[in-house]
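The values are calculated or read from the model by the stated rules, or taken from the named source; none is laboratory data. Note that the structure is a prediction, hence the values are computed from the model and not measured. A quick note on method: Cβ atoms are made from the backbone with ideal geometry, for glycine too, and the neighbour counts reach across all protein chains shown. SASA here: full protein model, heavy atoms, side chains in, ligands and nucleic acids out. Shrake-Rupley method; radii C 1.70, N 1.55, O 1.52, S 1.80 Å.
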Amino acid sequence: DLNLNLIDIIDEKEVFPTSSFRTVYDPEENVCYKVPLLRTITRGLRDLPHKELQRSQKASDLLSSHKLDGFDFLPEECHYANNPVFNYIKRSMPDLESFPWFYVIASQDFDKEFEINATSKIIKSWMFFASKGIFLEYHTQNILVDKESNIIYRDLSDIKSNQHSLLSPSYYDSLLEKNDILATIFDRTVCNQNLDHLFKYSKKLGDQEYDFFKSLIESEIEKYNLPFPKYSMDFPIDKPQRIPEKTQLVHWRNFE
């Protein structure tokens with residue numbers, strides 16, 4: 001993909017794949033490397049241009065300015081090259097034991113209280129940062145959970161903000177209502193790609209926990225007075241352009 005010659009290679013490392021296609025893990029240093037991949041996967045070319053590194057640095061500054069108990073993120077060290085196809089991001093992994101959230105959901109190796117506490121922190125932290133104009137892409141691949149069910153966010157360049165042009169999503173100017181960004185990110189990543197998956201796989205959660213999480217979502221929206229629309233937003237599967245469209249309101253936000 002990079003058209004490398006032997007003269008271009010100054011060092012070699014043995015690394016291992018992760019759930020992210022262009023991120024690899026180095027166990028000796030306990031770090032991950034996010035590297036460019038010049039292939040189109042889903043809707044975009046998986047390169048790593050300067051702008052993506054700049055987004056990572058800006059997102060780090062924003063998250064660092066708002067502390068929240070039970071939430072942390074993986075620090076990222078951005079490395080710029082003269083040719084952006086050689087850019088990379090070095091991501092420090094936590095020194096404590098942690099688990100990918102999708103593994104927690106699928107493995108069912110964790111008890112009911114752990115699932116409830118971690119899910120509650122996912123909802124609460126998303127709403128907290130949304131009240132600051134920061135929107136976390138909380139699909140399951142971007143979340144680690146430690147033994148205390150604390151949330152550790154990964155991949156800072158995925159973070160969106162409607163208050164900073166560098167972090168504004170490409171589709172933002174296409175939204176008919178600017179508050180649609182709440183429904184675009186929360187309903188898609190927290191509800192469809194998180195809560196729905198959890199309740200699909202979990203053998204411990206039932207109607208009582210469903211009502212609890214739904215009530216928590218409602219109370220957190222009211223707590224921060226977040227102007228969610230009365231519909232959801234999602235990206236149409238049959239259209240190549242990444243522009244969200246109105247969809248039926250997700251059941252997690254249907255409080256009537």
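Here are some notes:
- Some residue of the range 217-237 being assigned to a loop (DSSP other than H, G, I, E, B), surrounded by 16 or more Cβ atoms within 10 Å (Cβ to Cβ) and out of contact with any Leu (no Cβ under 8 Å at 6 or more places or on another chain): yes
- Residues of the range 1-54 satisfying the condition of being of a type outside the set (A, V, I, L, M, F, W, C) and closer than 25 Å to PRO236 by Cα: SER19, SER20, ARG22, ARG39, THR40, THR42, ARG43, GLY44, ARG46, ASP47, GLU52
Okay, residues lined up against (1) more than 18 Å from the chain's Cα centre (by Cα); (2) in contact (Cβ under 8 Å) with a residue 40 or more places away in the chain; (3) exposed (fewer than 10 other Cβ atoms within 10 Å of the Cβ):
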residue: LEU2; (1), (2), (3): yes, yes, no
residue: ILE7; (1), (2), (3): yes, no, yes
residue: PHE21; (1), (2), (3): no, no, no
residue: VAL24; (1), (2), (3): no, no, no
residue: ASN30; (1), (2), (3): yes, yes, no
residue: TYR33; (1), (2), (3): no, yes, no
residue: PRO49; (1), (2), (3): yes, no, no
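- Boolean, ALA81 is in a loop (DSSP other than H, G, I, E, B) and either more than 30 Å from GLY133 (Cβ to Cβ) or open to solvent by 80 Å² or more (accessible area, probe 1.4 Å) (or both): yes
- Residues of the range 57-71 satisfying the condition of being assigned to a helix (DSSP H, G or I) and among the charged types (D, E, K, R): LYS58, ASP61
- All strands (runs of 3 or more DSSP E) inside the range 88-207 with 1 or more residues being open to solvent by less than 10 Å² (accessible area, probe 1.4 Å) and modelled with pLDDT of 95 or more: 88-92, 143-146, 151-153
- Odd one out for VAL24 among (1) among the hydrophobic types (A, V, I, L, M, F, W, C); (2) in a loop (DSSP other than H, G, I, E, B); (3) modelled with pLDDT of 85 or more: (2)
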